[in-house]
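As structure tokens, the structure follows; a few thoughts come after it.
The values are calculated or read from the model by the stated rules, or taken from the named source; none is laboratory data. Computed from a predicted model, the values in this text were never measured in an experiment. Counting neighbours? That spans all protein chains shown, and the Cβs are built from the backbone with ideal geometry, glycine included.
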Amino acid sequence: MASTTHDRPPARTPAERLADRHARLAADPAAYWLDEARRLDWSRFPTRADESSFAQGDFGIRWFVDGELNVSFNCLDRHLADRGDSPAIVFEGDEPGESRILTYRDLHGEVCRMANVIRGLGIGKGDRVTLYLPMIPEAAVAMLACARIGAIHSVVFGGFSPDSLAGRIEDCGSRLLITADEGLRGGKRVPLKANADQALAACPTIEQVLVVRRTGTPVPMQTGRDLWWHEARELVRDTCDPEPMNAEDPLFILYTSGSTGKPKGVLHTTGGYLLWVAKTFDLLFGAGDDDLFWCTADVGWVTGHSYVVYGPLANGAATVMFDGVPNYPDFGRFWETCARLGVTIFYTAPTALRALMREGDQWVEAHDLSRLRLLGTVGEPINPEAWNWYDRVVGQGRCPIVDTWWQTETGGALIAPVPEATATKPGSATLPLPGVFPELVDADGALLDGATEGNLCLAQSWPGQMRTVWGDHERFFQTYFTTYPGKYFTGDGCRRDEDGYYWITGRVDDVINVSGHRMGTAEVESALVAHAQVAEAAVVGMPHEIKGQGIYAYVLLNADVPASDALSRDLRNWVRSEIGPIASPDAIQFVPGLPKTRSGKIMRRILRKIAERDTDNLGDFSTLANPEVVPVLIADSRA
Ligand code: 6R9
């Protein structure tokens, strides 16, 4: 029987649709997830959903274990019939107007060519490939080419030093490196190939280097090892069969800083990761055919993986890849580019907003932002002042702001408002998405109810969760699941208000969030103590107006080495060259000793307070082995 318009229920509001999702999930999680899985194209559709356990004994994160699919097929081939001639990647170079559009058909051809080239080099399923590239389309091409043949990519941010690159290559044993002659950032050249050559001196596993020509500056090419992408691509076909992958086969490794030791290789797999980024991209940004989505993150970070490349492309959306910086050639760069390209959805980090906000509204107002309809933030807590500026000046009061809380480990956004469905509050990431079960616990692990503040955990797995630390499954379990047994611990502190809204307060471990980038204090410390004149170092976060947190280093010099401004500069440069510019300390204080407990542990609580200039309430430090250094540290910090 045909129904008339009158019989049809009224169209449901976004809030009702969201409530319905939560309800369907609660009623039958497996049915809900298998239904969600339909948004991807599988060569074998899964019959099983969540089989994860956070408990010691049968610990493991497993989703859709009998499903089979290919990520590059999902991001490319399945869009060809409907939107082969629509833009997939809109490239915007360092110089304004250096633009290039790749349609889905173009991108498909390039990915197939690169897949054929790297397959020809003997790379296959399960092999690791390290990418050290600028934000050029070839970075996305290389990621998707790896996915096409089942190789595991490990993208290393182009701002990292040769040493950091070498460490990441060594850890996962990559056989192939894909890099470029040079990068360009804010008009300056970044010597990527030269850095790579330096790194490779210590990396015996690398057999070949594929080099993309970006600037055209001549670089030395090692015969038998190095080959040019623009030459190799001419010799291969532009089609390549996608390798069928199990849902739990690895997709990529991405290194991230933890509270201890060297960076961890966070491993994400094929089915769950792609489903989570495809789903959250759609739910939070909902980009349609008339949209142009711009996430300003670099592919060297997880945000670039999930919301520059995989999330948008899995949805057939048009995504901007920006190879520049927000303040070049001037402070209007973001807004001039938004206006010129016709960006409708813009996603960036609070640190960029704070830096631009203080330069004045005129940089924004000079450009026509009438096409913008949705704004997002990620990477760190956004202060209400920056939120309000974003809303009023950039969004002209018209654009919802989606503040997305998530981590490298979570694959995609977990706590965030769904536009038009979730009322926002400036500074809060609001409420968990369907399938996300946050819990706040106290230091002893006791569950906290209602409006409260505590340590943020997740009680259940979600498809986009990381599966392991590359090469060290035990470290994965120890790092995330033993602090509060049976729960995933995020490392973040968080407040929940009377409406159940979540307010992330920042890291509670020894990780600092510098301009939205994670730095382990231990990494900076080990770089400092590797300097010939340094005996000991302790690093903590300090409040920083633009970066959110800055790096504050307490340094004990070797006996007979005098402190000086020159040495301070030298140490900064040293850390830059050891790790990369993002790790460069904002403050260095030379100390006569570090406050230590009788068992020899540095008392960081005190160092943090001094760096925060909050010394009225230091608590009891009389039990220190050397309490006499504390007043000296305080006095010198003010000098
Ligand atoms: C995506 C990403 C993760 C850490 C995370 C938290 C902080 C990220 C946030 C946020 C408050 C937000 N963080 N988004 N804090 N509000 N919307 O940034 O991943 O580099 O691994 O950093 O960043 O402290 O634990 P990652």
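Those residues that are within 16 Å of the ligand (Cβ to nearest atom) and among the small types (Gly, Ala, Ser), I need them from segment 348-369; list them, please.
Listed by number, the residues that qualify are ALA349, ALA352.
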*Number of the condition not met by GLU474 [criteria: (1) within 16 Å of the ligand (Cβ to nearest atom); (2) in the same structural domain as ASP298 (by the TED database)]*: (1)
*Cβ-Cβ below 8 Å, separation at least six or inter-chain, first residue in segment 604-618 and touching a residue at least 60 places away in the same chain (Cβ under 8 Å), second in a loop (DSSP other than H, G, I, E, B) and not aliphatic (A, V, I, L, M): which pairs?*
ARG604/ASP510; LEU607/PRO595
*Of the numbered conditions (1) among the aromatic types (Phe, Trp, Tyr); (2) out of contact with any Gly (no Cβ under 9 Å at 6 or more places or on another chain); (3) near the ligand (Cβ under 8 Å from one of its atoms), TRP389 satisfies every one except a single condition; which is it?*
(3)
*From the list PRO419, PRO434, PRO426, PRO438, which residue is in contact with a His (Cβ under 7 Å, 6 or more places away or on another chain) and either closer than 30 Å to THR482 by Cβ or not acidic (Asp, Glu) (or both)?*
PRO434
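Is it the case that GLU110 is more than 22 Å from ASP291 (Cβ to Cβ), charged (D, E, K, R) and part of a helix (DSSP H, G or I)? Walk me through it before giving the result.
Numbers: more than 22 Å from ASP291 (Cβ to Cβ): yes; charged (D, E, K, R): yes; part of a helix (DSSP H, G or I): yes.
Answer is yes for this residue.
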*asked:* I'd like to know if segment 4-16 contains one or more residues that are buried (at least 20 other Cβ atoms within 10 Å of the Cβ) and not β-branched (Val, Ile, Thr).
replied: no
*Among the listed residues VAL591, VAL632, which satisfies the condition of being buried (at least 18 other Cβ atoms within 10 Å of the Cβ) and more than 30 Å from ALA349 (Cβ to Cβ)?*
VAL591
*Check ALA317 against each of (1) more than 16 Å from the ligand (Cβ to nearest atom); (2) over 30 Å from ARG44 (Cα atoms); (3) surrounded by 24 or more Cβ atoms within 10 Å (Cβ to Cβ) and name the one condition it does not meet.*
(2)
*Failed condition for LEU80, given (1) part of a helix (DSSP H, G or I); (2) in the same structural domain as ARG213 (by the TED database); (3) crowded, with 21+ Cβ neighbours inside 10 Å*: (3)
_Looking at (1) more than 15 Å from the ligand (Cβ to nearest atom); (2) outside any helix (DSSP H, G or I), which one does GLY427 not meet, given that it meets all the others?_
(1)
*Would you be able to say whether some residue in segment 579-602 is in contact (Cβ under 8 Å) with a residue 60 or more places away in the chain, among the charged types (D, E, K, R) and not in a loop (DSSP other than H, G, I, E, B)?*
no
*Are any residues in segment 500-536 assigned to a strand (DSSP E or B), farther than 27 Å from PRO438 by Cβ and in contact (Cβ under 8 Å) with a residue 40 or more places away in the chain, and if so, which ones?*
GLU536
*Matching residues in segment 1-24 - criterion: being at pLDDT 95 or above and over 21 Å from ALA423 (Cβ atoms)*: ARG24
*Qualifying residue in segment 409-417 (condition: assigned by the TED database to the domain that holds GLY272, touching a Phe, Trp or Tyr at 6+ places or on another chain (Cβ under 7 Å) and assigned to a strand (DSSP E or B))*: yes
*Can you list the strands (runs of 3 or more DSSP E) found entirely within segment 166-222 that contain at least 1 residues being closer than 19 Å to ILE118 by Cα and among the β-branched types (Val, Ile, Thr)?*
176-180, 208-212
*If a residue has to be aliphatic (A, V, I, L, M), free of Cβ contacts under 8 Å to residues at least 40 places away in the same chain and surrounded by 15 or more Cβ atoms within 10 Å (Cβ to Cβ) to count, how many in segment 409-458 make the cut?*
1
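Okay, residues lined up against (1) surrounded by fewer than 21 Cβ atoms within 10 Å (Cβ to Cβ); (2) touching a residue at least 24 places away in the same chain (Cβ under 8 Å); (3) closer than 23 Å to ASP66 by Cα; (4) among the aliphatic types (A, V, I, L, M):
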residue	(1), (2), (3), (4)
GLU243	yes, yes, yes, no
LEU251	no, yes, yes, yes
LYS264	no, yes, no, no
HIS268	no, yes, yes, no
PHE281	no, yes, no, no
VAL299	no, yes, no, yes
ASP323	no, yes, no, no
TYR328	yes, yes, no, no
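Might you let me know whether segment 31-39 holds any residue that is surrounded by 19 or more Cβ atoms within 10 Å (Cβ to Cβ), part of a strand (DSSP E or B), of a type in the set (A, V, I, L, M, F, W, C) and not assigned by the TED database to the domain that holds THR280?
Within segment 31-39, the first condition is being surrounded by 19 or more Cβ atoms within 10 Å (Cβ to Cβ), and the residues that meet it are 32-33, 36-37.
Keeping just the survivors that are part of a strand (DSSP E or B) gives none.
No, every residue in segment 31-39 fails to be surrounded by 19 or more Cβ atoms within 10 Å (Cβ to Cβ), part of a strand (DSSP E or B), of a type in the set (A, V, I, L, M, F, W, C) and not assigned by the TED database to the domain that holds THR280.
Being hydroxyl-bearing (Ser, Thr, Tyr) and outside any helix (DSSP H, G or I) is the filter here; which residues of segment 381-408 pass it?
Residue satisfying the conditions is THR404 alone.
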*asked:* Every residue in segment 330-347 that is free of Cβ contacts under 8 Å to residues at least 60 places away in the same chain and within 16 Å of the ligand (Cβ to nearest atom), please.
replied: PHE346
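Among LEU440, LEU456, which is the only one that is over 30 Å from VAL299 (Cβ atoms) and either within 15 Å of the ligand (Cβ to nearest atom) or outside any strand (DSSP E or B) (or both)?
On the way: LEU456 fails: over 30 Å from VAL299 (Cβ atoms).
Among LEU440, LEU456, only LEU440 is over 30 Å from VAL299 (Cβ atoms) and either within 15 Å of the ligand (Cβ to nearest atom) or outside any strand (DSSP E or B) (or both).
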*What is the number of the single condition among (1) at pLDDT 95 or above; (2) closer than 27 Å to THR130 by Cβ that PHE481 does not meet?*
(2)
_If a residue counts only when it is touching a Gly at 6+ places or on another chain (Cβ under 9 Å) and in the same structural domain as ASP94 (by the TED database), which helices (runs of 4 or more DSSP H) contained entirely in segment 325-373 have at least 2 such residues?_
none
